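Comments concern the structure below.
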Amino acid sequence: GDRERLVELLERSVPFSLTAQPAQVGRWLDALDDATFLSRHPAAAAIGALTLALTGHPDGAERWAVATERVHAPTPWNALLHSLMSPHGAEDMRTHAARALDTLPLGSPWRAPALLALACANALEGDSWSADTLLGEAADTAASAGAAAVESTALAYGSLLAADRVHLEIFGPGESLT
């Protein structure tokens, strides 16, 4: 029915993009906010949880995330959600982000947040050069999807990594600017 079409629409779009209106996204999520429905549609539950988390609604995000835990088969949505919301360290974040990237369709706008999570994991593990490459890819992917929030996050994080590298080159490890 209509809710299944809405799930398909959410899978092909990014609800926190420049063109998305917060009130409209809220109505979309309200229409899907049913525990039974969400337990049968892990993509909808994960997308709702991610959207709520990325738009400043952590309590709602946690509630929607619970529905994805009821699905025992791995999905790209579970992997993406786990990489962004509940990693148990950088290796766990990297593993789940990589799994999401391996299983999301190449044209999916949801690849941008997965690339961002993978970049963060690499940076946390000390590989800032790989992280920087992934951040560039995340920014490009987000830009092509119209996901300005993800694009700006990737660009900002990339600039922080570059500044850190310059600082290390000038002052060396353990040296402070103050």
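The values are calculated or read from the model by the stated rules, or taken from the named source; none is laboratory data. For clarity, every value in this text was computed on a predicted model and none was experimentally measured. We place every Cβ from the backbone using ideal geometry, glycine too, and count neighbours over all the protein chains shown. Heads up: the accessible areas ignore ligands, DNA and RNA and are worked out on the full protein's heavy atoms, side chains in. Shrake-Rupley method; radii C 1.70, N 1.55, O 1.52, S 1.80 Å.
Among residues of segment 68-109 being surrounded by fewer than 18 Cβ atoms within 10 Å (Cβ to Cβ) and of a type in the set (Gly, Ala, Ser), the one that is nearest to VAL150 (Cα to Cα) is GLY107. Of the residues making up segment 134-156, not one is under 20 Å from ASP92 (Cα atoms) and open to solvent by 50 Å² or more (accessible area, probe 1.4 Å). Could you tell me whether ALA156 is under 18 Å from the mean Cα position of the chain (by Cα), within 27 Å of ALA43 (Cα to Cα), part of a helix (DSSP H, G or I) and small (Gly, Ala, Ser)? It is false that ALA156 is under 18 Å from the mean Cα position of the chain (by Cα), within 27 Å of ALA43 (Cα to Cα), part of a helix (DSSP H, G or I) and small (Gly, Ala, Ser).
Listed by first and then second residue, the pairs with beta-carbon distance under 6 Å, at least 6 apart or on different chains, first residue in segment 119-132 and under 13 Å from GLY89 (Cβ atoms), second basic (Lys, Arg), are ALA121/ARG94. For segment 102-118, enumerate the residues that are in a helix (DSSP H, G or I) and at pLDDT below 90. Across segment 102-118, there are no qualifying residues. Checked against the criteria, LEU118 does not count as under 15 Å from the mean Cα position of the chain (by Cα) and either among the β-branched types (Val, Ile, Thr) or under 22 Å from VAL7 (Cα atoms) (or both).
Return only the number of the condition from (1) assigned to a helix (DSSP H, G or I); (2) within 20 Å of TYR157 (Cα to Cα) that GLY126 does not satisfy. Of the numbered conditions (1) assigned to a helix (DSSP H, G or I); (2) within 20 Å of TYR157 (Cα to Cα), the odd one out for GLY126 is (1). There is at least one residue in segment 74-95 that is in a helix (DSSP H, G or I), of a type in the set (Ser, Thr, Tyr) and under 17 Å from the mean Cα position of the chain (by Cα).
Taken together, the residues in segment 48-63 that are assigned to a helix (DSSP H, G or I) and either in contact with a Pro (Cβ under 7 Å, 6 or more places away or on another chain) or not small (Gly, Ala, Ser) (or both) amount to 8. Given the criteria of a type outside the set (Phe, Trp, Tyr), touching a Leu at 6+ places or on another chain (Cβ under 7 Å) and either over 28 Å from PRO173 (Cα atoms) or open to solvent by less than 50 Å² (accessible area, probe 1.4 Å) (or both), does ALA114 qualify? Yes: the conditions hold for ALA114.
Of the candidates ALA131, ALA148, the single residue that is over 20 Å from LEU101 (Cβ atoms), in contact with a helix residue (DSSP H, G or I) (Cβ under 9 Å, 6 or more places away or on another chain) and not aromatic (Phe, Trp, Tyr) is ALA148.
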